[in-house]
Amino acid sequence: MRPDTRVVHTAVPDLTGSRPLAVPLYQTSGFAFTDADTFADAMNRPDGAFVYTRLGNPTVRALENAVADLEGGAAALATSSGMGAINAVLLATLSAGDHVIAQRSLYGGTHALLRDMEARWGIEVTFVGGHDPAEVRAALRPRTKVLYLETISNPTGHVSDLAALSEAAGDAVVVVDNTFATPLLCRPIEHGADVVVHSTTKYLGGHSDVTGGVAVFADADRHRHTWHHGIELGVTPDPFAAWLMIRGLRTLALRMRRHVENAAVLAHRLVEHPSVRAVHWPGLPTHPSHEVASKLLDGFGAAFSFDLADAEAGRRFVSALELVHLAPSLGGTETLVLHPAGTSHRQLSEEELTEAGISGGTIRLSVGVEDPDDLWEDIAQALAG
């Protein structure tokens, strides 16, 4: 089945002669056993009997299987947030003294985590542009363990040539944050990634009503290894959160088409507006990643940024909006804006912001599914204010 069909048909348990149309919610903290050996076995592996919801749960497993299937992975680990997934993967992979190569244009929380690991555990981090495989090869060291990328970067829309960069990384574990693209626009494992992470709070959940994350693994052994770390970290999601994610997943294809269509309308109109200095959407031929994006993606995404004159112009703009909300996160049905330098990327220094392509006047726009003309009318009046 094609992805648009698979997101609707999440596998559910068979019953006697029938099966439920929706995945059941197993809202329980634990499971009882009649056999001590089965109980003991279940405590030690992710694919055994369900024993305790921190270790695994049927509703959570249904979500993990669905996303792993969409990404083309061997298995997945659902978490209580996107940062939970990133932490679980990096902490399971890295040891003190290891080396990480990461692209400069990253989500601020990921950047802060890497800097924290650098300071506390002596894990060295080299930031690269994410454009040139030769730059990755030059950065390799004997203790390089991870290459960390984003399919569509937050917030500048840089699109990595995943296949070329993965090949350049050699034996390093390639971790790709695919949140902005979703499995419908890109499947990084097909291009050499070892692990794919998502904040499922965003497009996969899609309704701004639940927080979660997931890590998908190309290799079952890496999944098992990370599962052991994840359950000790306590990143497992509540079953009801997983159930909401599954419900959101069923409309992902419908929503993503509208998100991307709306983003195209707004990006092209913003380019023509005299108050806008630059638009960072990879669907524009002028974007530095447009050629790579055209080959890699099945759509150019719906969260992007644009630059106004300065921070004061940005404050005036977001304060004048009426329909579009000034709010964190992205990927819900409603359109949101924020000021990255002061919010999502507040952890970066002025130098790091500049290196990441973020200025005081940069505005991130997460385009929802409303009528694009209504959105443009609100954006235009705010720009004129």
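The values are calculated or read from the model by the stated rules, or taken from the named source; none is laboratory data. In this text the structure is predicted, and so the values were computed from the model without any measurement. Quick reminder, even Gly has a Cβ in these numbers, built from the backbone with ideal geometry, and neighbours come from all protein chains shown.
Only residues that are surrounded by fewer than 16 Cβ atoms within 10 Å (Cβ to Cβ) and part of a helix (DSSP H, G or I) were counted across region 116-132, and they come to 5. If I ask for residues that are surrounded by fewer than 19 Cβ atoms within 10 Å (Cβ to Cβ) and either of a type outside the set (Lys, Arg) or touching a residue at least 60 places away in the same chain (Cβ under 8 Å) (or both), which ones from region 140-169 would you list? Once the filter is applied, which keeps residues that are surrounded by fewer than 19 Cβ atoms within 10 Å (Cβ to Cβ) and either of a type outside the set (Lys, Arg) or touching a residue at least 60 places away in the same chain (Cβ under 8 Å) (or both), region 140-169 yields Leu140, Pro142, Ala163, Ala164, Glu167. Looking at region 212-228, can you tell me whether even one residue there is charged (D, E, K, R) and touching a Leu at 6+ places or on another chain (Cβ under 8 Å)? There is no residue in region 212-228 that is charged (D, E, K, R) and touching a Leu at 6+ places or on another chain (Cβ under 8 Å).
Specify the residue that is nearest to Gly331 (Cα to Cα); the eligible residues are those in region 212-225 that are touching a residue at least 24 places away in the same chain (Cβ under 8 Å) and in a helix (DSSP H, G or I). Walk me through it before giving the result.
To start, the set of residues in region 212-225 that are touching a residue at least 24 places away in the same chain (Cβ under 8 Å) comprises 212-220, 222-225.
Next, only the ones that are in a helix (DSSP H, G or I) stay: 220, 222-225.
Working: Ala220: 29, Arg222: 29, His223: 27, Arg224: 30, His225: 30 Å.
By that ranking, first place goes to His223.
Ser105 passes every criterion in (1) part of a helix (DSSP H, G or I); (2) closer than 30 Å to Gly357 by Cβ; (3) small (Gly, Ala, Ser) apart from (1).
Does region 3-51 hold any residues that are β-branched (Val, Ile, Thr), assigned to a loop (DSSP other than H, G, I, E, B), surrounded by fewer than 15 Cβ atoms within 10 Å (Cβ to Cβ) and without any contact (Cβ under 8 Å) to a residue 60 or more places away in the chain, and which are they? So that I can check it myself, show each step before the final result.
To start, the set of residues in region 3-51 that are β-branched (Val, Ile, Thr) comprises 5, 7-8, 10, 12, 16, 23, 28, 34, 38, 51.
From what is left, the residues that are assigned to a loop (DSSP other than H, G, I, E, B) are 7-8, 10, 12, 16, 23, 28, 34, 51.
Now drop any that are not surrounded by fewer than 15 Cβ atoms within 10 Å (Cβ to Cβ), which leaves 8, 16, 28, 34.
Hits for region 3-51 are Thr16, Thr34.
Can you name every residue in region 93-122 that is farther than 21 Å from Glu351 by Cα and either touching a strand residue (DSSP E or B) at 6+ places or on another chain (Cβ under 6 Å) or not polar (S, T, N, Q) (or both)? Show your work before the answer.
So in region 93-122, the residues farther than 21 Å from Glu351 by Cα come out as 93-99, 120-122.
The answer is Thr93, Leu94, Ala96, Gly97, Asp98, His99, Arg120, Trp121, Gly122.
Among all residues of region 228-246, there is none that is outside the structural domain of Ala22 (by TED's automatic domain parsing), of a type in the set (D, E, K, R) and more than 17 Å from the chain's Cα centre (by Cα). Scanning region 344-360 for residues that are in contact (Cβ under 8 Å) with a residue 24 or more places away in the chain and out of contact with any His (no Cβ under 9 Å at 6 or more places or on another chain) yields a total of 4. Considering the conditions (1) touching a residue at least 60 places away in the same chain (Cβ under 8 Å); (2) within 21 Å of the chain's Cα centre (by Cα), Arg277 is excluded by exactly one of them, (2). A residue that is over 17 Å from the mean Cα position of the chain (by Cα), basic (Lys, Arg) and farther than 15 Å from Met83 by Cα cannot be found anywhere in region 168-189.
Could you name every one of the helices (runs of 4 or more DSSP H) located completely within region 272-385 that has at least 2 residues being in contact with a helix residue (DSSP H, G or I) (Cβ under 9 Å, 6 or more places away or on another chain) and either polar (S, T, N, Q) or farther than 24 Å from Gln103 by Cα (or both)? Can you show your working first?
Working: elements: 290-296, 311-320, 350-355, 372-384.
Those helices (runs of 4 or more DSSP H) span 311-320, 372-384.
Looking only at region 151-206, filter to residues that are in a helix (DSSP H, G or I) and of a type in the set (Asp, Glu); which one of those is nearest to Ala139 (Cα to Cα)? If we take residues in region 151-206 being in a helix (DSSP H, G or I) and of a type in the set (Asp, Glu), then Glu167 is nearest to Ala139 (Cα to Cα).
If you take the residues in region 91-148 that are charged (D, E, K, R) and in contact with a His (Cβ under 9 Å, 6 or more places away or on another chain), which one is nearest to Val292 (Cα to Cα)? Result: Arg104.
Could you tell me whether region 178-188 includes any residue that is farther than 30 Å from Arg54 by Cα, among the hydroxyl-bearing types (Ser, Thr, Tyr) and surrounded by 17 or more Cβ atoms within 10 Å (Cβ to Cβ)? For region 178-188, residues farther than 30 Å from Arg54 by Cα, among the hydroxyl-bearing types (Ser, Thr, Tyr) and surrounded by 17 or more Cβ atoms within 10 Å (Cβ to Cβ): absent.
The listed residues are Leu338, Leu365, Leu308, Leu296, and the only one of them that is surrounded by 19 or more Cβ atoms within 10 Å (Cβ to Cβ), more than 30 Å from Pro188 (Cα to Cα) and outside the structural domain of Arg104 (by TED's automatic domain parsing) turns out to be Leu308. Within region 247-263, not a single residue is assigned to a loop (DSSP other than H, G, I, E, B) and over 20 Å from Leu330 (Cα atoms).
The test for being of a type in the set (D, E, K, R), part of a loop (DSSP other than H, G, I, E, B) and at pLDDT 95 or above holds for Asp209.
Just one of the numbered conditions (1) closer than 22 Å to Glu232 by Cα; (2) at pLDDT 95 or above is not true of Arg45: (2).
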